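Input: a single structure, listed below in structure tokens.
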Amino acid sequence: MKPNIEAFFDPATWTLSYVICDEAGGSCAIIDPVLDYDPKSGRIYMASADRIIAFISEKRLKTEWILETHAHADHLTSADYLKKKLGGKTAIGKEIPAVQETFKKIFNLGSDFTPDGDHFDHLFADGETFGIGKLTATAILTPGHTPADLSYQIDDAIFVGDTLFMPDLGTARADFPGGDARRLFGSIRRLLAYPAETRLFICHDYASIGRPIRWETTVAEQRAHNIHVHDGIDEDQYVAMRQARDATLDMPNLLLPSVQVNVRAGQMPPPEDNGISYLKIPLNVI
């Protein structure tokens with residue numbers, strides 16, 4: 001059964017979120033939802049999440065899953081807010097404790113934060129299958145951008161997170177803590193071994209390159225035209241390119257606030273004795 005797919009674009013972070021359902025009035029999953037955050041004021045807003053809620057309500061869908069492809073560094077997740085409003089289980093890859101451990105040290109999160117993945121309702125193993133109503137989905141481990149990246153296959157569609165971009169933008173960076181360009185190359189080649197007609201849905205696209213926003217491509221298009229990893233590019237060539245390019249890139253604007261929330265499945269840090277939650281900014285660390 002082919003999934004019905006609705007994309008939601010957030011221009012502030014260039015992020016694509018998705019609602020995947022089996023049929024009107026049926027069941028759905030949400031992938032990579034955005035929580036709006038103003039870094040100037042430290043305020044959070046729910047406009048992006050509420051758009052998803054309105055769509056799910058209009059289609060009379062039951063939310064079964066709120067899925068993360070990884071702990072994002074460029075936007076905050078609204079997974080916890082959506083879970084409270086819609087129900088469903090939050091999930092991410094089973095390697096997330098390694099990411100949590102890394103950022104626990106960077107942010108000195110203390111004994112109240114245990115890096116065991118229990119902030120999420122479920123941790124997917126590579127190749128694990130699960131249902132979304134009448135749909136069957138499979139988790140595909142695709143590390144490299146982070147150690148815990150997952151892609152989700154549903155029939156002929158794969159949601160690849162940040163692993164691949166549209167062909168004219170190439171591939172994800174691999175210089176975040178725990179990132180690895182060689183692992184990323186292997187993950188990409190694993191995705192590109194699927195049938196040529198397989199549809200790939202990406203997590204970010206950028207209007208700055210002078211064309212309309214796109215979010216759907218195919219294995220065939222990526223193998224023929226991806227500027228970083230088309231057929232003919234070998235692992236050593238890719239790693240050399242990726243490392244040289246990553247050395248020129250700025251850190252994402254929302255890296256520091258994002259990961260503190262995203263490793264907690266969208267929950268805010270525990271309030272302090274004045275009832276206020278705080279995000280930390282480590283100096284001279286990243």
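The values are calculated or read from the model by the stated rules, or taken from the named source; none is laboratory data. The structure presented is a predicted model; accordingly, all values stated were derived computationally and were not measured. Glycine gets a Cβ as well: all are built from the backbone with ideal geometry, and neighbour counts include every protein chain shown. Protein only, heavy atoms only, side chains kept; ligands, DNA and RNA dropped before computing areas. Shrake-Rupley method; radii C 1.70, N 1.55, O 1.52, S 1.80 Å.
Below, the figures for the structure above:
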{"read-out": "Heavy-atom accessible surface of the chain: percent carbon and sulfur, 1.4 Å", "value": "51 percent"}
{"read-out": "At R0 = 30 Å, FRET efficiency that the Cβ-Cβ distance of ALA244 and GLU221 yields, to 0.05", "value": "0.75"}
{"read-out": "Linear extension gain, TYR194 paired with ARG43, 0.36 nm per residue minus alpha-carbon span", "value": "50.2 nm"}
{"read-out": "Per residue solvent-accessible surface (Å²) - the chain, probe of 1.4 Å", "value": "43 Å²"}
{"read-out": "Net charge of Cβ neighbours under 14 Å - reference GLY127; Lys, Arg +1; Asp, Glu -1", "value": "-1"}
{"read-out": "Label point distance in nm, GLU101-ARG60, each placed 7 Å from Cα along Cα→Cβ", "value": "4.9 nm"}
{"read-out": "Kirkwood Rh (inverse of mean 1/r, distinct Cα pairs), the chain, angstrom", "value": "19.2 Å"}
{"read-out": "For the chain, cysteines whose Cβ has no other cysteine Cβ within reach (under 4.7 Å)", "value": "CYS203"}
{"read-out": "Under 5 Å, built H, 5+ apart or other chain: amide partners of PHE165", "value": "GLY170, THR171, ALA172"}
{"read-out": "Length released on extending from ILE286 to ASP126, taking residue separation times 0.36 nm less the Cα-Cα span", "value": "54.6 nm"}
{"read-out": "Globularity index of region 1-123, i.e. its alpha-carbon radius of gyration over 2.2 N^0.38 Å", "value": "1.11"}
{"read-out": "Set LYS2/LYS62; LYS62/LYS83; LYS59/LYS94; LYS62/LYS134 screened for pairs whose C-alpha atoms are more than 20 Å apart", "value": "LYS59/LYS94"}
